[in-house]
Structure formats: structure tokens, C-alpha cells
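Everything below concerns the one structure shown next.
Only the coordinates and a few stated rules stand behind these numbers; no lab work does. Because the structure is predicted, anything quoted here is derived from the model rather than measured. Neighbour counts are summed over all protein chains in view; Cβ atoms, including those assigned to glycine, are modelled from backbone coordinates with ideal geometry.
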Amino acid sequence: MRSESWPVVRATLLNADCVAPAFGCAVAKVRYEYSFEGQRYEGAYEKPFLLLTSGKMFAEDILRTSDFAVRIRPDASSTSVPISVSGLRSSF
């Protein structure tokens, strides 16, 4: 993965939810914030689910976590990849 050499910082969970889609699959969305070199940023991670109940369970599990690690792209600090929350692994 290209992001393996990026710096790691601690992110704080803001919100996690999964809503019923108008069409297509359900998508759980996790929002978080982090600071890097004195600046605050927000990030989001989305994960698709075939079943709404699975997406809701994923979001509920994430809500039990207050913070987790993210990797920060050195040349674009607003780009982040979650790395250490169970089930919250990215393929960016």
C-alpha cells in the first residue's frame, strides 16, 4: 500500500452511521477529525454493505471507539487513511 510510509497521527471519532439508501447498497460513513502540524482536519471513510443491518452493526461497533490511528499524506495533509480500527481498513 502506498500510504505505509505516511506519518501516523491519532484521530477522534465524530460520527458513524448507516442509512437506508434510495437505491443501491447501504453505505456506512465514519467521520473523524485529526491535527497535523498545528492544523485541524476532518476525514471520512465509507464502507458499502449489501444489508442495511450489517452496515448499522458496523457503525454501532465503530461508535464504541473514541479514537484511532490514521496515516496522513505528507504532501496533502487533508488526505488521510484510517489504519487501526477493527473493520475500518481502507484500500485507498
For helix 52-63, report the angle its Cα long axis makes with the longest principal axis of the Cα atoms of the chain; keep it between 0 and 90° and round to the nearest 10°.
-> 40 degrees
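Compute the relative contact order of the chain as a whole-number percentage, counting only Cα pairs closer than 8 Å that sit 6 or more residues apart in sequence.
Details: 189 pairs, mean separation 28.3, N = 92.
Rounded, it is 31 percent for the chain.
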Just add up the charged neighbours of GLU60: K/R +1, D/E -1, any other residue whose Cβ is under 14 Å from the Cβ of GLU60.
-> +2
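At 0.36 nm per residue, and after removing the present C-alpha to C-alpha distance, how many nm does the segment from ALA20 to SER78 gain when stretched out fully? Don't jump to the answer; show the numbers that get you there.
Numbers: separation 58, 0.36 × 58 = 20.88 nm, distance 2.85 nm.
Going from the current span to full extension adds 18.0 nm.
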Assigned charges on the beta-carbon of Lys, Arg, Asp, Glu; the chain dipole about Cα centre (debye) | 120 debye
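I need the shape label for the range 43-82. Rule: rounded when a/c is under 1.5, else prolate if a/b > b/c, else oblate, with a, b, c from the alpha carbon gyration tensor.
Details: a/c = 4.61, a/b = 1.95, b/c = 2.37.
The shape class here is oblate.
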